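Working notes, structure below.
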Amino acid sequence: MISSVALEQSVLRKLLKAGLRVGDLVSFLKSPKLIEMDGMEFINLKQIKTSCEVLMPINSKIQNILNKRDGIFPAAVNQNIINKLIKTIVKKAEIKGGFIVEKTIGGKKT
C-alpha cells in the first residue's frame, strides 16, 4: 500500500509538472475548486501573478491518485516545503546549471 505522504508528493509533482507556480498551487490547495465541462473535470484556479483564471484538465494520472485519496487533494502546505520537493526532483533528474528562457511576445521570439 502506498503511504499518504507518497500520494501527496505524487499529486504535488503532477500539478507542478503542469506548470503551476508554487504560490498558485498553495492557493489552490487551500480551497480546491473543480468544475465539469463537456463531461470532463478540470482544476479551476486564479493565478496570483496574472489574475487570469486557468482550467487544467484532470488527467488519468491525477484522477488515479485522487481515487486512492477518496477524491481529496492534499492539504495546503508551506511554499518552503514545496520548494524543497522541487529541489529533490531537480536533484533526482540530475538537472544542473542554468536554463535558456525563450519568450514570445506579439508573435516574435525574444
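Values quoted throughout were computed directly from the atomic coordinates according to the rules given, and no laboratory measurement underlies them. Not measured: the values here are computed from a predicted model. In this analysis, Cβ positions are derived from the backbone assuming ideal geometry, glycine residues included, and neighbour counts consider all displayed protein chains.
A few comments on the model shown:
- Inter-probe distance in nm under a simple model that places probes 7 Å from Cα toward Cβ, at Q63 and K92: 2.4 nm
- 3J(HN,Hα) along the stretch 30-46: 5, 8, x, 10, 10, 10, 10, 9, 6, x, 10, 9, 10, 7, 10, 8, 10 Hz, from the Karplus curve 6.51 cos²θ - 1.76 cosθ + 1.60 with θ = phi - 60°, whole Hz, x for Gly and Pro.
- Of the GluC sites (Glu not before Pro) found in the stretch 44-110, those in coil by DSSP whose Cβ has at most 14 other Cβ atoms within 10 Å are E94, E102.
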